[in-house]
Structure formats: C-alpha cells, structure tokens
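Notes for the one structure printed next.
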Amino acid sequence: MFFKSFTDENLAQNAYLIGCQRTGESIIIDAPREFDHILQAAEKEGLHVTAAADTHIHADYVSGARQLAVQGVKLYLSDEGDENWKYTYTDGIEVEFVTEGSKFSIGNIDFEVWHTPGHTPESISFLLTDRGGGATDPMGIFTGDFVFVGDVGRPDLLEKAAGIGGTAESGARDMFKSVQRFKELPDHLVVWPGHGAGSACGKSLGAVPISTVGYEKKFNWALQITDEETFVTELLKDQPEAPVYFAEMKKLNKVGPAILRDEKVRVLTSSEELVKMAAEDGVLVLDTRPATTADKDLLKGSINIPFNKAFANWAGWLVRYDEKLVVIAGETEQEDVQKALQSIGFDAIVAFADPALLKGLETESYATLSVQNFVKEMKDEDAFVIDVRNDGEWNDGHLEEAHHHFLGKLRTTELPEDKTLLVHCQSGARSAIASSVLKARGFNNVKHMAGGYSAYTATYSEK
C-alpha cells in the first residue's frame, strides 16, 4: 500500500492519497480544489487516481471531488442525513453513494464506511484495511471533521454560519453518540484527521498531523467526558467565530462548484487601467502586499490582506462573493494567490496588477503608533478605540476604553464618523488589515497599535 498526506497550510486542511501498488489504482480522500500536485505524486509512484471520496459536505474549502469526477474519477459520497444534506451535482458522473456499513475497495485496499454525525448530519468516516499487505483488520480511520488530534468537530457551524436554527445542540448530541462509538475502536488504529491546528472547524485542534485511537482516548478532552449533558455544554462553549464564507462553501459543495478551466487572468499593464477597473461597480481591489508596505500607499477603496497563511481565512471573512476582484500582487505570487482564492470559491478574479502600477497614483495611508503613543492618543476626547480580536481574546482581557468590533465583520459595522479610530488586535497583524478596511470605507483618521494588546500588556505589566 502507498500512503501520502497533503496539507494546505492556508486552510490547515489534510488530503490523503492511498494507492494499491499491485493494481496501480489509488484514491484521494477529501481532495482540495487544486489537486495537480496529488496527481503528480500518484504518477511518480506508478499509480492512477481512479477514485475520490469526501467525508462530508465541506464548509471551509471547495472540494476537488467534482473537478476530479469530470476527469473520469469515480466518487464515493455520503448518502446519510436528510434531503438537506444530499449532493445534487452528480448527474452524468460516476458516483457510488455510501451509508453506514458500506464497503468498497481500491485494488486490494478495503474501506468500510462509518456514519459519524455531529459536525454535520451526513458526516462519514472511512476505516482502512490493507488486505493486499495481508491484514484482516483495519489499520486506521479517516475521520474528516469528526475526531481531530486533541479535539472533535464543532457542531455549531450550521446554525452560526448557515443560519439553520436549533442544529448546534442536536449536532452536539449526535457528536456525543459518535464519540462513544469511536472509543470502542482498538487503541492501535491510526487516526487521520481532516484538519490540524489553524482550522476553524474546531476550537483546540492539535498541530500533530496524525494520532491513534488510544492516544485520543487518553488525552483528547472530548473523549474524557462520559456525561452527555456535560459534553454538550463543553462542546458548544467558547467555539470561535464561524467564518461567514462557510455558508457559501456548504452551498457550493452541495450543488457543485464551477469547473475550473485553464484560463489566464488578465494582467493589467498600466496605472490607468488599474484606476479605471477599480472604479467599476462591483469591483473590489484586494491588495496582498505585506502591511508594512501597503500601509503607506493604499489605492483608495482597496483593502489589504497580506498573502500569508491567514490570507484565505480573512479573505473569506471580508470579501463578498458578489464582488469582482482586482488583485494587487507581484508576478511571482499571482498564481498562488489565485489558487488560494479559488480554494474558498472566489473565482471572479478579473485582473491582477503589479504593485509597481501604484507608483504616481493618488493613494491613502494609515498611521502605526507605538504602544506609548497609542495610549497617549486614547486619552483624547475625539478618540474611539476599536479592539478587532475574537470573543475569546476579548474575554481574557481588554482595554477599558476599547469597543469590541471583530475584524471579520468590520466592513459593515456602524462606527462614529467624527472620531479618530484607534485600532488594535493581539499582535498588530489583524489591526493592520482592519485599518485598511476602515480607510476603504472612507474613514480619514485611522491609526493602529504596533505589537497589539500583547505589546501593551508587556509594556504596562512591568510598571
């Protein structure tokens, strides 16, 4: 048996390639939308990808299953859950719908389906047995968003992101039952989760890529609780904000995302083109430069989300799906930026613009203040202090003068127009994004604190 895992660091998402070396067949579990690197890895090992399977209708990224299907790959998809949780894009493609107890094989590798609801009603897991290697019992389990290293999948996304009322508690109770069943598995089974640390699909995911059933029984907080009511309360408590784009992802992965074509995005060649396109209705200019560069020359109306590991997350929060995107990015980063945006369904990239095109244009800026100067300006009666951190960070401690307005909702938050807006987060990265959002909204006097709340507490706790 051949086995290889692939992690998209932008989304903390894991995909798996499993191949039978005797027959040359292979399968991808939870394929991302950009999967060429996985196909290349299979080809390198003399394998052909003949199948793909999803553990559930993903909410945090666009699945590559449909794209693979139109290329002749057979799909294995869940048929659990009610009519609201059925895939609807499967006409004309080869697909086998699976439920609790279903079995299928890829060459001499056997897969058994477990229905493991809780994160979502249709969630399934796959037990793997390497029959070709002489095994008669499972080696491990692909848990998707069911069991993570140190955590379990959150059940509140349907209610918080998709607006389906009452599903958080029922999902938590389903998760409790699924976890009790999981605890009956042999300790030696390997656990291959769908995500690692950095994903918003849980609240305390570990950074270690794999685990075992025995280890999770011993150290995963969710597996220590034996009382259902206590489990439900603890699981629903302190879950992070649900990214707004999750609702769109659920829809796309249910009805089927658009098929990507090998079409090149237009690259602008003049500053005049950039200004003209930026002025068009429905266009958002998305600046992907580092904040320390972009803060000095922001194109009016643009927002700056630096291209790093957090890029896809904040783009999902702050960009709307009905907007056409003109993306400011260097030539060497444009392809990777496009893949990151498409991974969460932002296909309407109408043009790229090199940062050099900003030279000579009328631009805007915001100020970066030291902790001491930030504190000094807070005392001004015209100051309005904004803390853009998440709920948990705010609850752990905050400035008495601050107003809590989470970054992800800042494009629509009502704010005073006649004040100096003083913005901070935990380290300074999110407040820089927030400052660009506020400038794009037309607020003239915007300043943020270098180092954020961490720098503030370090500075004043010593005094």
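The values are calculated or read from the model by the stated rules, or taken from the named source; none is laboratory data. None of the values given here were measured: they were computed from a predicted structure. Here the Cβ is made from the backbone with ideal geometry for all residues, glycine too, and neighbour counts use every protein chain on show.
Which one is surrounded by the most Cβ atoms within 10 Å (Cβ to Cβ) among residues in region 392-421 that are more than 21 Å from Asp238 (Cβ to Cβ) and in contact with a Phe, Trp or Tyr (Cβ under 6 Å, 6 or more places away or on another chain)?
The residue in question is Leu421.
Listed residues Val388, Val371, Val423; which is touching a Cys at 6+ places or on another chain (Cβ under 8 Å) and β-branched (Val, Ile, Thr)?
After applying the criteria, what remains is Val388.
For Lys86, which of the numbered conditions (1) among the charged types (D, E, K, R); (2) under 22 Å from Ile344 (Cα atoms); (3) touching an Asp or Glu at 6+ places or on another chain (Cβ under 8 Å); (4) without any contact (Cβ under 8 Å) to a residue 40 or more places away in the chain fails to hold?
(4)
Residues in region 343-355: is at least one over 20 Å from Ile259 (Cα atoms) and either hydrophobic (A, V, I, L, M, F, W, C) or without any contact (Cβ under 8 Å) to a residue 24 or more places away in the chain (or both)?
Within region 343-355, one or more residues are over 20 Å from Ile259 (Cα atoms) and either hydrophobic (A, V, I, L, M, F, W, C) or without any contact (Cβ under 8 Å) to a residue 24 or more places away in the chain (or both).
Quick one: is Gly316 small (Gly, Ala, Ser), touching a helix residue (DSSP H, G or I) at 6+ places or on another chain (Cβ under 6 Å), surrounded by fewer than 17 Cβ atoms within 10 Å (Cβ to Cβ) and not assigned by TED's automatic domain parsing to the domain that holds Asp91?
Details: small (Gly, Ala, Ser): yes; touching a helix residue (DSSP H, G or I) at 6+ places or on another chain (Cβ under 6 Å): yes; surrounded by fewer than 17 Cβ atoms within 10 Å (Cβ to Cβ): no; not assigned by TED's automatic domain parsing to the domain that holds Asp91: yes.
No: the conditions fail for Gly316.
Return the residues of region 1-26 that are over 30 Å from Phe307 (Cα atoms), out of contact with any helix residue (DSSP H, G or I) (no Cβ under 6 Å at 6 or more places or on another chain) and not in a loop (DSSP other than H, G, I, E, B); say none if nothing qualifies.
Within region 1-26, Phe2, Phe3, Ile18, Gly19, Glu25 qualify.
Scan region 27-52 residue by residue and report those that are among the hydrophobic types (A, V, I, L, M, F, W, C) and in contact with a helix residue (DSSP H, G or I) (Cβ under 8 Å, 6 or more places away or on another chain).
Ile28, Ala31, Phe35, Val49, Ala52
Are any of the residues in region 148-164 acidic (Asp, Glu) and under 28 Å from Lys4 (Cβ atoms)?
The answer is yes, given that some residue of region 148-164 is acidic (Asp, Glu) and under 28 Å from Lys4 (Cβ atoms).
Quick one: in region 101-126, of everything that is in a loop (DSSP other than H, G, I, E, B) and not hydroxyl-bearing (Ser, Thr, Tyr), which residue is surrounded by the most Cβ atoms within 10 Å (Cβ to Cβ)?
Among residues in region 101-126 that are in a loop (DSSP other than H, G, I, E, B) and not hydroxyl-bearing (Ser, Thr, Tyr), the one surrounded by the most Cβ atoms within 10 Å (Cβ to Cβ) is His119.
Please identify the pairs in which a residue from region 220-234 that is under 16 Å from Gly202 (Cβ atoms) has its Cβ atom under 7 Å from the Cβ atom of a residue that is among the acidic types (Asp, Glu), counting only partners at least 6 apart or on another chain.
Sorted first by the residue in region 220-234, then by its partner, the pairs are Asn220/Asp151; Ala222/Asp151; Leu223/Glu216; Ile225/Glu234; Val232/Glu169.
If we keep just the residues of region 184-216 that are of a type in the set (Gly, Ala, Ser) and not in a loop (DSSP other than H, G, I, E, B), which is surrounded by the fewest Cβ atoms within 10 Å (Cβ to Cβ)?
Gly214
Go through region 356-371 and give me each residue that's of a type outside the set (Ser, Thr, Tyr) and in contact (Cβ under 8 Å) with a residue 24 or more places away in the chain.
Correct list: Leu357, Leu358, Lys359, Gly360, Leu361, Glu362, Glu364, Ala367, Leu369, Val371.
Just for region 38-85: of the residues that are in a helix (DSSP H, G or I) and of a type in the set (Lys, Arg), which one is farthest from Trp114 (Cα to Cα)?
Kept after step one, since they are in a helix (DSSP H, G or I), are these residues of region 38-85: 38-44, 65-69, 83-85.
From the residues that got through so far, the ones that are of a type in the set (Lys, Arg) too are 44, 66.
Numbers: Lys44: 31, Arg66: 22 Å.
That would be Lys44.
Those residues that are more than 29 Å from Ala59 (Cα to Cα) and either charged (D, E, K, R) or under 26 Å from the mean Cα position of the chain (by Cα) (or both), I need them from region 16-36; list them, please.
Passing the criteria: only Arg22.
Does Lys376 count as closer than 28 Å to Gly282 by Cβ and surrounded by fewer than 19 Cβ atoms within 10 Å (Cβ to Cβ)? It would help to see each step written out before you state the result.
On the way: closer than 28 Å to Gly282 by Cβ: no; surrounded by fewer than 19 Cβ atoms within 10 Å (Cβ to Cβ): yes.
So Lys376 fails the test.
Scan region 147-189 residue by residue and report those that are in contact with a Leu (Cβ under 8 Å, 6 or more places away or on another chain), among the acidic types (Asp, Glu) and under 17 Å from Glu122 (Cα atoms).
Across region 147-189, the qualifying residues are Asp156, Glu169.
Would you point out the residue of region 79-100, among those that are in contact with a Pro (Cβ under 9 Å, 6 or more places away or on another chain) and not hydrophobic (A, V, I, L, M, F, W, C), that is surrounded by the most Cβ atoms within 10 Å (Cβ to Cβ)?
Per the stated criteria, the residue is Glu80.
For Asp30, only one of the following conditions fails: (1) touching a Phe, Trp or Tyr at 6+ places or on another chain (Cβ under 9 Å); (2) surrounded by fewer than 24 Cβ atoms within 10 Å (Cβ to Cβ); (3) not hydrophobic (A, V, I, L, M, F, W, C). What is its number?
(2)
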